[in-house]
Amino acid sequence: RVHGEHYSSFFQMESRALCFVALLAVLCASPSSGSLVVSAMTWGFSGGGVAKAYSSMTSGLSALNGTVLGVMVVESSGIPSVSWGSGPDMFGNVTLDAMVMDATTHDVGAVGALKGFRSPVSVALAVMQQTQHTILVGDDAKVFALAAGFEELGTNSPTSASQWEGWVASLQPNYFNNQTMAWNYMALAGFNVSDGGVPPESLDRGHDTVGAVSLDENGQLACAVSTTGMMWKIAGRVGDGAIVGAGCYCEAEVGCAAATGNGDTSMRWLPSFAAVMFMGQGYSPTAACQMALMPIFNHFGPSMDDSLVCLNAVGELGGATTRQDQSFQVMYQNSTAGVQSFNPAPLQ
């Protein structure tokens with residue numbers, strides 16, 4: 001079992017009036033029965049990706065390959081927090097993080113702070129399949145991507161340039177604790193900046209990662225994550241989308257989980273890993289998600305933005321969130337409803 005005071009608060013759930021999320025899956029088939037396919041992703045914008053992952057798996061592709069194809073759809077959809085061309089860092093560059101994990105082999109591939117390549121999840125899959133490493137980052141990951149045959153099409157755009165030009169006059173918001181250091185940082189990097197700007201009200205720190213979990217007809221599980229990370233992040237920052245156990249995690253015959261929200265928080269608590277461990281102890285996906293997020297909720301309260309989606313090896317789906325308005329997308333076999341939405345209840 002997972003021990004520690006961080007998780008003990010779950011066992012006072014009734015006294016805390018913690019809301020449970022209803023399980024969506026209604027199928028009880030064994031994962032080896034060949035009758036069950038489930039695809040789910042975080043955020044309401046992921047419906048096209050869910051449909052692609054599901055159709056790929058029902059056409060015979062593995063959970064791993066179906067998940068990657070589904071995430072690629074979201075990457076190309078123009079969503080600012082996932083797709084190339086929006087959400088620059090402090091230097092004006094759009095950099096991307098992604099990872100994939102195969103529950104059967106326990107293989108992982110990931111990239112962090114990747115520039116120039118528009119489908120980071122595809123490059124992450126190449127890291128998994130063509131190397132013995134787990135994660136490649138920065139400019140050196142770019143060299144690998146070129147060697148693996150990917151075309152460098154660029155990740156900046158007129159949109160990201162306009163976003164950066166509107167931000168650089170004030171450098172607000174940013175992720176430095178000391179604002180004098182923020183100005184010194186930009187000056188040392190060669191940017192001509194002068195203190196005293198007024199923060200534009202329209203700027204925000206969007207970081208809506210797409211996380212995907214899948215179960216194929218052979219009972220194989222896989223998960224994947226892709227994101228631009230936090231807008232205005234300090235250059236070189238790598239988020240939870242490239243970190244095993246933070247962005248996502250899976251175990252064969254147990255389940256998989258994927259996170260979205262504040263990546264720096266997820267890297268410190270590893271909620272995806274914790275959720276899968278709880279499912280391995282027999283907890284439902286919803287209960288596992290809630291237990292995994294409770295330490296974050298207890299530490300920060302409802303101000304922190306974090307959510308989890310979990311899928312177990314028999315196709316039961318669940319979720320948990322600290323938000324008031326989280327939406328996930330799911331498609332499962334034997335349902336005639338197509339892609340469906342479900343909204344996990346916020347922790348209390």
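Quick check: is even one residue across region 30-52 touching a helix residue (DSSP H, G or I) at 6+ places or on another chain (Cβ under 6 Å) and surrounded by fewer than 24 Cβ atoms within 10 Å (Cβ to Cβ)? Yes: one or more hits. For region 291-301, the criterion of a residue being open to solvent by 10 Å² or more (accessible area, probe 1.4 Å), within 13 Å of Val213 (Cα to Cα), more than 18 Å from the chain's Cα centre (by Cα) and of a type outside the set (Asp, Glu) is satisfied by no position.
Checking each residue in region 163-182 for being in contact (Cβ under 8 Å) with a residue 60 or more places away in the chain and not in a helix (DSSP H, G or I) picks out Leu171, Asn174, Tyr175.
Residues that are over 20 Å from Ala126 (Cβ atoms) and surrounded by 24 or more Cβ atoms within 10 Å (Cβ to Cβ) within region 212-228 comprise Val213, Leu215, Asp216, Leu221, listed in sequence order. Taking each residue of region 137-162 that is over 16 Å from Thr228 (Cβ atoms) and looking for partners that are open to solvent by 80 Å² or more (accessible area, probe 1.4 Å) and in a helix (DSSP H, G or I) with beta-carbon atoms closer than 8 Å, six or more apart or interchain, yields Ala148/Gln130; Glu152/Leu146.
Please determine whether any residue of region 81-88 is in a helix (DSSP H, G or I), surrounded by fewer than 24 Cβ atoms within 10 Å (Cβ to Cβ) and either out of contact with any Phe, Trp or Tyr (no Cβ under 7 Å at 6 or more places or on another chain) or not aromatic (Phe, Trp, Tyr) (or both).
Taking region 81-88 first, the residues in a helix (DSSP H, G or I) are none.
Checked against the condition, which is being in a helix (DSSP H, G or I), surrounded by fewer than 24 Cβ atoms within 10 Å (Cβ to Cβ) and either out of contact with any Phe, Trp or Tyr (no Cβ under 7 Å at 6 or more places or on another chain) or not aromatic (Phe, Trp, Tyr) (or both), region 81-88 yields no hits at all.
Within region 260-289, the set of residues being surrounded by 24 or more Cβ atoms within 10 Å (Cβ to Cβ), of a type outside the set (S, T, N, Q), in contact with an Asp or Glu (Cβ under 9 Å, 6 or more places away or on another chain) and modelled with pLDDT of 95 or more comprises Pro271, Val276, Met279, Pro285.
Residue check: Leu311 meets all listed conditions (1) touching a strand residue (DSSP E or B) at 6+ places or on another chain (Cβ under 8 Å); (2) over 21 Å from Leu215 (Cα atoms); (3) not polar (S, T, N, Q) but one, namely (2). Against the criterion of being part of a helix (DSSP H, G or I) and either without any contact (Cβ under 8 Å) to a residue 60 or more places away in the chain or surrounded by fewer than 24 Cβ atoms within 10 Å (Cβ to Cβ) (or both), Val238 does not qualify. For Ser226, the conditions (1) in a strand (DSSP E or B); (2) farther than 19 Å from Thr95 by Cβ; (3) not β-branched (Val, Ile, Thr) are fulfilled apart from (2).
The values are calculated or read from the model by the stated rules, or taken from the named source; none is laboratory data. Predicted, not measured: the structure shown is a model, and the values here were computed from it. For neighbour counting, all protein chains shown are included, and Cβ atoms are generated from backbone atoms with ideal geometry for every residue, glycine included. All accessible areas refer to the heavy atoms of the entire protein, side chains included, with ligands and DNA or RNA removed. Shrake-Rupley method; radii C 1.70, N 1.55, O 1.52, S 1.80 Å.
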